[in-house]
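What follows is calculated from the coordinates using simple rules that are stated; it is not laboratory data. Keep in mind that this is a model prediction, so the values were computed, not measured.
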Amino acid sequence: MKFNRLTASLKIAILFALMIITQANGLAQSATELVAHYVEVTPVGDGITYKINLYFSTVDPSGAPMKDILAESLNLLEDSQRVEIKDIGPASEIPTNLVLVIDTSGTMFGARITDAQAAGVNLVTALMKPGSQVAVITFDNEIRTQINFTSDQKTITDGIQRISATRGAGACLYDAIHAAVQAVSTLPVGNRAVILLTDSRDETPSLAICSSQNINNVIKLASEGNTRTPIHTIGLGTDIDNELLRNIADQTGGYYLFSPDSPQLTNTIQKLIDRLNAQYILTYLSTASPGAHTLTLSVNQTGPVIKATRNFSLSPLPAHITFTTPLEGELVGDLLKIAVSLSTQGQTTIARVAFVMNGVEAGSDDTKPYELELDASPYPTGALTVSAVAYDATNLEVARANLNLVHAQSAEAPTSPAEVATAPGTATSANSEGNNLMVITAVVLSGISIFAIVFLLFLLLRQQQKDKGWNLENMVDDERTIPAMQRRAIISQADDHRKATSPEFESDALGVLTIEASDDSSLIDHRFEITKSLVTLGRSADNDVNFPGDKPVSRHHAEIYQISGKLYLREVETAGASGAMPPKYGTFVNQKALEADPVLLKTGDEIQLGKRVRLRFESFVREINADSPTSDDFDNDMTMADDIDKTALQD
């Protein structure tokens, strides 16, 4: 009698527990449910941007999946900062990589393993799409891979139906889930999932721990790094750890569903199928730094705000090279300047960037900005491939980028048809040779015409200069009206053949420049006396004072010129296709950037060209209240400055 009463009491307790569980599940479904399943990260390819895909699903208070979700109805935060959603759409057509994990321990023997087989077949049939792959793992005291990843649905269903439970066996639950996550993470990126069907706890028949892994290891593997995988757990029967299975699902981005008996299992499986087939994929672009980050997704609705959070990490992007000049497919001449920008993350250190022309290294640069100027005349006319290759301190290649150009040699160095026919990479057929010859002829004639026009303009402007007969030293007492002063000198890019004149130290010098800092240590402390009305400074050899080893100094950077016995400094603008441009890295006087107006130089002034070249100026002309010139002096200076002709017209 005692035994019967005890049995009756136990049944009542079980029924009461089932009622509580059922009521709790009903309450859980009384509100909108949002689950962020999986974060997929893909580098864009520009060296700084990641493409982030977030797989998620949501169900309404009735338990039905929500459809037709728009980006306007969602709010997405990355590390608490709102980001713009670029795209959103159903993930129903995206292939799924799935591992089905089925419990075959002793407690599954009989009708329950039959139910699990039917549930597994239903899941595979409903979730497989073209390109999907499925694997099946079973577990009791051992972990067995029953079916390796395959897209053959018949092979999968036949294999599931052959599964059987083992009488008296334990359940190594954690080891089985751990093996499933490892397996699915080896497949290419895309939608992925692990689905677990079990009625057991992790224990041996003697109630000892069965697995070598623990719950924390399983959750960490499934929620971090490249192994991130949602685990959907389905509890069968009443002798299960509901909280454990729910925790596994919640922490990894999966669903937890409970089926206390066989009649309810079919409905439970259908709920999971409906939710997984109603997944969405949301896309945005991130420029966040490498490391751990958090995504928070919420649905805009009346009532309580529903949120789902998923952690993810960004790996350092590989070094990336971008050509800034010239551009892809551009027509270039013999004077070729190549410049690239380089982005790096993590611990990558760039030692140098080599520039390769048609497979042969033409030069390299070890400082930013990475650039190279070269004579392209030795290379054949036509297609020209330029490669920029970044190396680290161990001379290991860390990045490479290619650029295709069209080389058209200038009139000064024409290429004969015979040279074009025999040059590497040129066409060998008769038709190709004829086409190349026509192109070369047209380019050469165009070059000759342009050169002739430029030369005639040069002669005309030079003759006008001679006719003016301006003399800077004799203008002070001249009563003629003088044109307004040029703010900056402009130099033509064709002025590359002017030879430098070595400054001579003379007693009648107007001032002196002393080099205090330069990348070329041999120039430091050199003194240059200013003995002419116009002194040019720059990196090119045709300047009066040149700095060939200082790359941040422009080829024609600045000028010092005399008016009324005073010396002024101004920048030189370079005339190009996009207009007149000042020196890239600027000019500074006493650490103040030089603007459009020239600056009157005084003894002790520090002149800085670009980033590192510094010169100290000393005037040999007596200065009278130089810091406060009268308005008349200033007007005269500004009026007479226009007689300083363009540098291109200097003799």
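Whole-percent P(r), the stretch 159-225, all Cα pairs, 10 Å bins from 0: 18, 45, 30, 7, 0.
Relative contact order of the stretch 320-408: 37 percent, from C-alpha pairs under 8 Å at least 6 residues apart in sequence.
Taken over the Cα atoms of the stretch 504-579, the convex hull encloses 104 Å³ per residue. Under 5 Å from the amide H of residue 133 lie the amide H atoms of 96, 97, 98, each residue being 5 or more positions distant or on a separate chain, with H modelled from the backbone and absent for Pro and chain starts. Checked against a 29 Å cut-off, the cross-linked pairs 271/307; 86/368; 67/307; 86/129 give Cα-Cα distances beyond that limit for 86/368.
When the Cα atoms of the stretch 211-301 are aligned to their principal axes, the ranges along those axes come out at 50, 40, 21 Å in descending order.
Treating each Cα of the stretch 281-364 as an identical point scatterer and summing with the Debye formula, the log10 of I(q)/I(0) at q = 0.13, 0.22 Å⁻¹ comes to -0.69, -1.16. Anything over 21 Å Cα to Cα? Flag those among 337/532; 532/611; 532/602; 337/584, in the order listed. Exceeds cut-off: 337/532; 532/611. Our analysis of the stretch 93-277 gives Rg over Rh at 0.92, with the two radii drawn from alpha carbon positions and Rh computed by the Kirkwood formula. Rounded to the nearest Hz, the phi-derived 3J(HN,Hα) couplings of the stretch 281-294 under the Karplus curve 6.51 cos²θ - 1.76 cosθ + 1.60 (θ = phi - 60°) are 10, 10, 10, 8, 10, 10, 10, 5, 6, x, x, 7, 9, 10, where x marks glycine and proline. The calculated Kirkwood hydrodynamic radius for the stretch 320-408 is 13.2 Å, given to one decimal from all distinct C-alpha pairs.
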